[in-house]
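Remarks on the structure that follows.
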Amino acid sequence: MSTKIGKALDFTPGSATRVVMNGTNIAVVRIGNDFYAINDTCSHGNVSLSEGHVWEDTKELECVKHGSAFSLETGCPNTLPATRPVTVYSVIVKGDEVFIEEPAQ
Ligand code: FES
């Protein structure tokens, strides 16, 4: 099942935006015309990843608190101190609308 989260133009390239899907905070990152979505809560602490820096070349989102850089493709932290991955969501763009696919249970 997919949930509409907005229009493509709502998301600024090179930045992260926090959206809420069924009560879960999700960080949506746009790099060029590609979209990525990972759980917004850092696995190392109760910190919003969407407040952090987007590294476009390595497709990572860096936690603003201690600097762990999470892969937007796998959800894994590529740098310490975080060691556990965050959930990755599939993003679907249909026309100018953006949807997030809920992970299979
Ligand atoms: S809270 Fe995110 S790396 Fe520590």
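Only the coordinates and a few stated rules stand behind these numbers; no lab work does. Every value quoted in this text rests on a predicted model; they were computed, and no experiment measured them. As a convention, Cβ positions derive from the backbone with ideal geometry for all residues, glycine included, and neighbour counts pool all protein chains shown.
Excluding the sites themselves, what is the longest stretch of the chain that contains no GluC sites (Glu not before Pro) in a DSSP loop with at most 16 other C-beta atoms within 10 Å?
Looking at the chain, 1-55 is the longest stretch - no exposed GluC sites (Glu not before Pro) with at most 16 other Cβ atoms within 10 Å.
Can you tell me which of Gly75, Gly23, Gly14 moves the most in a GNM of the chain? Springs connect C-alpha atoms under 10 Å apart.
Comparing Gly75, Gly23, Gly14 in a Gaussian network model of the chain, the most mobile one is Gly23.
On a straight-distance basis, which lysines could pair with Lys7 in a cross-link, Cα separation under 20 angstrom, same-chain partners fewer than 8 positions away excluded?
Lys7 reaches Lys94.
Sort the range 1-79 into rounded, prolate or oblate with this rule: let a ≥ b ≥ c be the square roots of the eigenvalues of the Cα gyration tensor; rounded if a/c is under 1.5, and if a/c is not under 1.5, prolate when a/b is larger than b/c, oblate otherwise.
oblate
Once phi is turned into θ = phi - 60°, what whole-Hz ³J(HN,Hα) does the Karplus curve with 6.51, -1.76 and 1.60 give for every residue of the range 21-35, x standing for Gly and Pro?
Once θ is set to phi - 60°, the couplings for the range 21-35 become 10, 6, x, 9, 7, 10, 8, 9, 10, 10, 10, x, 9, 9, 10 Hz.
Using alpha-carbon pairs under 8 Å, 6+ residues apart, how would you state the relative contact order of the chain in percent?
26 percent
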